[in-house]
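S.K.: Below is one structure. I have some questions about it.
The values are calculated or read from the model by the stated rules, or taken from the named source; none is laboratory data. A quick note: this is a predicted structure, and the numbers were derived from the prediction, not measured. For neighbour counting, all protein chains shown are included, and Cβ atoms are generated from backbone atoms with ideal geometry for every residue, glycine included.
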Amino acid sequence: MKILLKNNVQGQLSIDLFVDKQTPKVRVVIPIGGTVDVGSQISVEDLARSQQLQEMVADGDVTITLEAETSDNVTGLASATVFSAVQLVAATAVIGMGIAAKSGTIVAASVAAVDIGGAGESMTVDILKNGVSILTAPIVWDSTSTARTAIAGALDAAQVQVATGDFLEASLTYVAGAPTPITNTIIALEILPA
């Protein structure tokens, strides 16, 4: 899986990603306006260990995009394209997932997180195509969810067709709870080409 870190500031960025809270695993240098793939060096869980990176994402200095390889797709369709995004911090946000390079049909949409929600906590996720939901109802991640287990969304049959240039994004609404915030929310969308 590709883990792309994009520099959104007017200067070079240097970020330390950690194996644990004290041991750096890798230092990533991202040039001005550049994007670096760190997927061969670290995992999504490694991203969560970097307080520095989480603060940069929250401030908008860095954008993280996950791109699954063909072999990573969730339905097993060899020619499917997977768009994915990750929200490291517990916050309400809109995250761009990508722009469709070719037409096709959305065949799967899912959400998972590394952490489960605490009492009263939830992350509600809607996936949009050109600003319109592709789901019949948003997907809710909360204290009843199982960590690292995807929840599939019900697709709206009227919205599953994708045209070249369609903009795909995830809208996340976070409700705080206790004790530990939901982090590392992963949103995946799979498209079978026409």
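S.K.: Against the definition (touching a Phe, Trp or Tyr at 6+ places or on another chain (Cβ under 8 Å), crowded, with 18+ Cβ neighbours inside 10 Å and in the same structural domain as Met97 (by TED's automatic domain parsing)), how does Ala170 come out, yes or no? Walk me through it before giving the result.
M.R.: Details: touching a Phe, Trp or Tyr at 6+ places or on another chain (Cβ under 8 Å): no; crowded, with 18+ Cβ neighbours inside 10 Å: yes; in the same structural domain as Met97 (by TED's automatic domain parsing): yes.
When the stated conditions are applied, Ala170 does not pass them.
S.K.: Find the residue count for segment 94-151, including only residues that are at pLDDT below 85 and among the acidic types (Asp, Glu).
M.R.: The total comes to 1.
S.K.: Just one of (1) exposed (fewer than 14 other Cβ atoms within 10 Å of the Cβ); (2) farther than 29 Å from Ala108 by Cα; (3) modelled with pLDDT under 70 trips up Glu45, so point out which.
M.R.: Unmet for Glu45, out of (1) exposed (fewer than 14 other Cβ atoms within 10 Å of the Cβ); (2) farther than 29 Å from Ala108 by Cα; (3) modelled with pLDDT under 70: (2).
S.K.: Among Val89, Val74, Val57, which is the only one that is within 13 Å of the chain's Cα centre (by Cα), outside any strand (DSSP E or B), surrounded by fewer than 19 Cβ atoms within 10 Å (Cβ to Cβ) and modelled with pLDDT under 75?
M.R.: The conditions single out Val89.
S.K.: Also: Please state which of the following conditions Thr173 fails to meet, knowing it meets all the rest: (1) hydroxyl-bearing (Ser, Thr, Tyr); (2) outside any strand (DSSP E or B); (3) under 24 Å from Leu4 (Cα atoms).
M.R.: Evaluating Thr173 over (1) hydroxyl-bearing (Ser, Thr, Tyr); (2) outside any strand (DSSP E or B); (3) under 24 Å from Leu4 (Cα atoms) leaves (2) as the failure.
S.K.: Quick one: in segment 97-133, of everything that is among the small types (Gly, Ala, Ser) and part of a loop (DSSP other than H, G, I, E, B), which residue is surrounded by the most Cβ atoms within 10 Å (Cβ to Cβ)?
M.R.: Gly117
S.K.: Would you pick out the residues in segment 172-193 that are under 11 Å from the mean Cα position of the chain (by Cα) and farther than 14 Å from Asp142 by Cα?
M.R.: Hits for segment 172-193 are Ile187, Ala188, Leu189.
S.K.: Every residue in segment 163-178 that is farther than 12 Å from Gly96 by Cα and among the hydroxyl-bearing types (Ser, Thr, Tyr), please. Walk me through how you get there before you give the answer.
M.R.: Keep residues of segment 163-178 that are farther than 12 Å from Gly96 by Cα, which gives 163-165, 173-178.
Scanning segment 163-178 gives Thr164, Thr173, Tyr174.
S.K.: Taking the condition surrounded by 14 or more Cβ atoms within 10 Å (Cβ to Cβ) and modelled with pLDDT of 85 or more, does Ser84 pass?
M.R.: Numbers: surrounded by 14 or more Cβ atoms within 10 Å (Cβ to Cβ): yes; modelled with pLDDT of 85 or more: no.
So Ser84 does not fit the description; no.
S.K.: Yes or no: Ala163 loosely packed, with under 14 Cβ neighbours inside 10 Å and assigned by TED's automatic domain parsing to the domain that holds Ala100?
M.R.: For Ala163, the condition - loosely packed, with under 14 Cβ neighbours inside 10 Å and assigned by TED's automatic domain parsing to the domain that holds Ala100 - is met.
S.K.: Do you know which of the residues in segment 140-159 that are without any contact (Cβ under 8 Å) to a residue 40 or more places away in the chain and more than 14 Å from Val114 (Cβ to Cβ) is surrounded by the most Cβ atoms within 10 Å (Cβ to Cβ)?
M.R.: Ranking the qualifying residues of segment 140-159, first place goes to Asp142.
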